[in-house]
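One structure is given here, and the rest of the page talks about it.
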Amino acid sequence: MKDIATPNRTKGILEKYGFSFKKSLGQNFLIDTNVLNRIVDFAEMSSETAAIEIGPGIGALTEQLAKRAKKVIAFEIDQRLLPILGETLEPYDNVKIIHSDVLKANVKQVVEEEFEKDQDIMVVANLPYYVTTPILFKLLEEQLPIRGIVVMLQKEVADRIAAAPGTKDYGSLSIALQYYTEAETVMIVPRTVFVPQPNVDSAVIRLTKREKPAVMVQDEAFFFEVVRASFAQRRKTLMNNLVNNLQGIPKDKELLEQTLQEAGIDPKRRGETLTIEEFGRLSDALYNQKRNYHSA
Ligand code: SAM
């Protein structure tokens with residue numbers, strides 16, 4: 001039998017079940033086995049690797065993962081796809097579909113129950129584009145024992161994630177993901193390999209989890225508050241953004257200027273020029289000041 005992702009087989013499956021795409025669920029299915037194989041290649045899996053997929057659709061990527069991985073667990077929100085997946089993935093006995101919104105699922109518990117301890121685990125998916133960033137944040141913030149993530153997403157989001165300081169795409173999303181992972185765009189994907197074709201260009205990004213975060217900071221939550229505040233208004237200087245948008249610090253420009261200088265950062269700079277290490281130093285300096293301010 002031909003692979004699921006061939007245009008004719010996909011068409012046949014969709015017709016057989018009278019399936020209508022739900023735009024609201026980000027349903028754009030892949031119909032190119034070469035693209036799928038390259039995605040799986042980027043995940044660098046062995047026959048001992050377990051894969052977690054989000055949104056298997058009719059099983060196009062799931063099938064390619066099942067051929068190479070030890071086990072595949074896939075979360076699918078759309079109940080209408082379950083009987084279809086039951087048929088298309090019937091030849092593979094190493095796949096389990098979980099009917100659930102991945103954002104509500106207890107992924108950590110599933111990992112504990114389904115995979116062996118110390119198993120090599122990769123997340124591989126063609127993500128539903130309406131929830132790309134919440135899914136990535138969930139996977140990273142929950143500290144799942146995964147090696148990394150290889151996902152298809154909007155090219156514009158991939159550009160923001162992998163951006164370097166000083167570029168127009170660099171922002172709090174770049175820092176948040178680069179804090180946990182090494183991020184690289186590995187493939188640009190044309191619209192023509194999907195049914196229906198999406199309105200935006202796509203890219204595949206590989207996020208390799210760091211053993212330790214990119215910077216060690218005194219307080220992680222405060223670090224992210226500093227980052228968010230620094231990017232609140234892009235045309236403003238770092239100083240102005242911090243004064244206007246960071247809660248809990250003294251609104252004394254002179255004192256703030258001194259703190260920035262102590263951290264080795266020119267107060268006239270803009271947030272988008274700071275490296276993640278500089279944000280780390282800034283966050284620690286401000287954190288100390290905040291503590292002094294509150295204990296005074
Ligand atoms: N993997 C398939 C492929 O590549 O052809 C389908 C990818 S399609 C872009 C996204 C899939 O995610 C759809 O099957 C959709 O129903 C599913 N989905 C959307 N939101 C979801 C959520 N919150 N949790 C789990 N699956 C979701």
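The values are calculated or read from the model by the stated rules, or taken from the named source; none is laboratory data. Since the model is a prediction, treat every value here as computed from it, not as a measurement. Please note: Cβ atoms are built from the backbone with ideal geometry, for glycine as well, and neighbour counts cover all protein chains shown. Just the protein is used for accessible areas: all its heavy atoms, side chains included, with ligands, DNA and RNA removed. Shrake-Rupley method; radii C 1.70, N 1.55, O 1.52, S 1.80 Å.
Here are some notes:
- The stretch 44-89, residues that are in a loop (DSSP other than H, G, I, E, B) and open to solvent by 50 Å² or more (accessible area, probe 1.4 Å): E44, S46, S47, E48, K70, I77, Q79, R80
- Enumeration of residues in the stretch 24-43 that are in a loop (DSSP other than H, G, I, E, B) and either without any contact (Cβ under 8 Å) to a residue 60 or more places away in the chain or β-branched (V, I, T) (or both): I31
- Only one of the listed residues (V157, V186) is closer than 18 Å to A43 by Cα and either out of contact with any Leu (no Cβ under 7 Å at 6 or more places or on another chain) or part of a loop (DSSP other than H, G, I, E, B) (or both). That residue is V186.
- Residues located in the stretch 1-23, provided they are touching a helix residue (DSSP H, G or I) at 6+ places or on another chain (Cβ under 6 Å) and without any contact (Cβ under 8 Å) to a residue 60 or more places away in the chain: K2, A5
- Matching residues in the stretch 90-139 - criterion: being within 12 Å of the ligand (Cβ to nearest atom), farther than 26 Å from L177 by Cα and open to solvent by less than 80 Å² (accessible area, probe 1.4 Å): I97, I98
- Qualifying residue in the stretch 239-248 (condition: buried (at least 19 other Cβ atoms within 10 Å of the Cβ), free of Cβ contacts under 8 Å to residues at least 60 places away in the same chain and closer than 13 Å to K290 by Cα): yes
- Among residues of the stretch 93-110 that are over 22 Å from L25 (Cα atoms), those with a Cβ under 7 angstrom from a residue that is of a type outside the set (S, T, Y) and open to solvent by 40 Å² or more (accessible area, probe 1.4 Å), sequence gap 6+ or separate chain, pair up as N94/K70; N94/K71; K108/E142.
- Residue within the stretch 15-23 that is more than 20 Å from L127 (Cβ to Cβ), within 13 Å of the ligand (Cβ to nearest atom), open to solvent by 10 Å² or more (accessible area, probe 1.4 Å) and part of a loop (DSSP other than H, G, I, E, B) present: yes
Listed here are the residues, each with its yes/no results for (1) more than 23 Å from T273 (Cβ to Cβ); (2) at pLDDT 95 or above; (3) open to solvent by less than 60 Å² (accessible area, probe 1.4 Å).
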residue	(1), (2), (3)
E156	no, yes, no
I161	no, yes, yes
Y180	no, yes, yes
I188	yes, yes, no
T192	yes, yes, no
E211	yes, no, no
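- Test set (1) under 20 Å from T167 (Cα atoms); (2) open to solvent by less than 70 Å² (accessible area, probe 1.4 Å); (3) assigned to a helix (DSSP H, G or I) - R228 fails condition number: (2)
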